[in-house]
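For reference, the structure is listed below as structure tokens.
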Amino acid sequence: MIIDPEYCKFDPATQRLIVSMGLAPDQGGFQVRLRSWNEGGGVELREGGGWKRNDDAFDYPIASDDVFDLEPDHPVRAYHDALPADVTSVLRRFRSMQCRLMHVIGQFPESKEMAGSAPILFWLASNMLGPAPSKADVRKLYTRRRVSILESFCGASNRSLLKFLSKIREFGYSLKDLELLRRILNDGEFLKKVRHYRQINWPVLKVFYTQRYVMDLGCAKDCLAADSCRDAFRYLYKVCRDIRDIRMMCKMLERENPERQVLAMKSAFQIRDLHDKIARDLSKKEKETIIAHYGEVFPPSPLKETKDIEYISNVGDLLEEGLVMRHCVGEFVYQALRGDVFIYRVHAPERSTLAVQRSADGEFRMEQVKLYRNGKASKETWNVLIGWVSGVDTCTITRP
């Protein structure tokens with residue numbers, strides 16, 4: 001977040017930055033002042049006509065890509081440019097507590113080595129300082145052994161926990177991350193399951209910790225060290241969706257949920273195969289129930305089929321189409337039995353499912369075209385289908 005220039009002022013003479021937050025101080029607002037690098041950094045809060053040191057009063061980034069993109073005359077950019085380049089280079093790695101960290105580096109320059117070799121420990125240690133740490137406070141903390149610093153943070157420590165911290169990538173550096181990290185470091189049973197990975201992506205680790213069943217999935221553990229968190233989340237979403245469906249379908253079939261079997265599976269493909277098998281069993285049960293009550297065959301197609309566009313003429317084929325294409329076309333089964341909607345299996349230009357609906361005025365409307373997993377049909381497919389139905393005088397086109 002960038003502070004608008006009207007709310008802050010940089011003094012070139014003192015190299016301090018004053019930020020006015022909200023209303024004026026005499027109207028219930030407050031002002032903070034970021035001290036210069038020569039003063040050792042830190043934050044001061046305006047109180048009773050004077051300034052009182054309080055690093056907790058301000059936690060906006062003062063060194064980031066966004067700050068660097070500001071115009072040179074922007075007060076925050078001017079304050080940034082007045083800092084040593086090696087200091088801003090360190091600060092840019094952290095999303096929060098930058099003012100605290102700047103003070104740490106100013107009072108104990110050797111701490112920059114820890115910022116490079118153990119950035120998470122360097123960052124979390126700053127949270128253990130008071131709102132107005134002195135040079136002695138900083139040196140007393142940062143000259144301690146790293147195991148000792150970590151022990152002060154989480155109550156227990158050893159070198160394996162330090163090694164665990166060094167494996168974490170994409171750490172969030174927010175206060176929420178700080179508290180969650182403390183809980184994880186104190187959870188010995190959970191750490192036994194994850195500490196052996198060579199690399200650990202923090203966003204994925206948070207999912208594993210807050211949704212424990214994911215950690216028990218044999219096929220999900222490798223996501224913890226995935227190169228891309230986005231790919232890991234996509235994979236986990238698909239797996240968890242299939243597991244949820246399996247649980248729901250077993251309940252509908254009144255059979256025991258094969259939870260242990262699922263947890264032991266080593267790949268998403270195995271879970272998907274089990275999902276599809278149960279889905280077919282459920283489809284078969286639904287098919288038998290529907291046919292017993294309503295019959296099996298749909299009314300004849302009002303549109304002439306082609307080699308690439310095939311009418312789905314019965315209950316079983318419609319339910320199978322939904323399974324094959326992984327979408328919910330099966331929900332049209334009762335409308336199809338009444339002749340209110342007609343479903344077609346499209347083979348080209350791309351494999352899709354077409355629904356044509358008969359409206360109250362007797363006209364036919366091309367309601368939707370769905371690809372695999374409800375994918376959106378291409379313009380080419382739409383044009384082909386439009387051309388196909390154009391020969392029917394009572395057919396109109398409705399794009400979703």
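The values are calculated or read from the model by the stated rules, or taken from the named source; none is laboratory data. Predicted model, so just to flag it, every value in this text is computed and none were measured. Every residue, glycine as well, gets a Cβ built from its backbone with ideal geometry; the counts of neighbours run over all protein chains shown. Please note that ligands, DNA and RNA were not included when accessible areas were found on the heavy atoms of the full protein model with its side chains. Shrake-Rupley method; radii C 1.70, N 1.55, O 1.52, S 1.80 Å.
For the chain, dividing the convex hull volume of the Cα atoms by the residue count gives 230 Å³ per residue.
Heavy-atom surface analysis with a 1.4 Å probe gives the range 198-313 a carbon and sulfur content of 51 percent of its accessible area. Summing Lys and Arg as +1 and Asp and Glu as -1 over all other residues whose Cβ lies under 14 Å from the Cβ of D273 gives a net charge of +2.
For the peptides 90-100, 253-263, 123-133, the ranking by mean Cβ contacts within 10 Å, running from highest to lowest, is 90-100, 123-133, 253-263. Solvent-accessible area assigned to carbon and sulfur over the range 2-103 amounts to 47 percent, based on a 1.4 Å probe. By a 1.4 Å probe calculation restricted to protein chains, I386 has an accessible surface near 50 Å², given to the nearest 10. Each semi-axis of the equivalent ellipsoid for the range 1-140 is √(5λ) with λ an eigenvalue of the Cα gyration tensor; in descending order they amount to 24, 18, 13 Å. Can you give me the C-alpha center-to-center distance between the range 62-114 and the range 133-212, rounded to a whole angstrom? Between the Cα centre of the range 62-114 and that of the range 133-212, the gap is 24 Å.
For the range 259-309, the alpha carbon convex hull comes to 114 Å³ per residue, rounded to a whole number. Would you please classify the overall shape of the range 249-400 from the alpha carbon gyration tensor, given that a ≥ b ≥ c denote the square roots of the eigenvalues, rounded means a/c under 1.5, and beyond that prolate means a/b larger than b/c while oblate covers the rest? Verdict is oblate for the range 249-400. Measuring between alpha carbons in the structure, the pairs from K238/K284; K221/K285; K206/K277 lying more than 28 angstrom apart are K221/K285; K206/K277. With an a/c value of 1.5 or above and a/b not larger than b/c for the gyration tensor axes a ≥ b ≥ c computed over the alpha-carbon atoms, the range 47-124 is described as oblate. In this simple spin-label approximation, E179 and S228 carry label points 7 Å from Cα along the Cα→Cβ vector, and these lie 3.3 nm apart.
FRET efficiency for the pair E286 and E39, taken as 1/(1 + (r/R0)^6) with r the Cβ-Cβ distance and R0 = 56 Å, rounds to 0.15. Only DSSP H runs of four or more residues enter the estimate; each adds -39500 (n - 2.57), and after division by the residues of the chain the mean residue ellipticity at 222 nm equals -13500 deg cm²/dmol. Computed over the Cα atoms of the range 198-308, pair by distinct pair, the Kirkwood hydrodynamic radius stands at 16.6 angstrom.
Pull out a ≥ b ≥ c, the square roots of the eigenvalues of the alpha-carbon gyration tensor of the range 103-200, then state rounded if a/c is under 1.5, prolate if not and a/b is larger than b/c, and oblate in the remaining case. Verdict is prolate for the range 103-200. Can you tell me which aspartates and glutamates have their Cα less than 13 Å from the Cα of K9? Leave out same-chain residues fewer than eight positions away. Straight-line reach from K9, under 13 Å: D73. Within the chain, the selection of entire DSSP H helices by a Cα span of 27 Å or greater along the long axis and an average Kyte-Doolittle value of at least -0.5 returns 229-253. Accessible area per residue (1.4 Å probe, heavy atoms of protein chains only) ranks Y79, Y60 as Y60, Y79, with the largest value leading. A 1.4 Å probe run over the chain, with the rest of the protein chains in place, finds 52 Å² accessible per residue. Neighbours of Q199 by Cβ distance under 15 Å: Lys/Arg scored +1, Asp/Glu scored -1, total +2.
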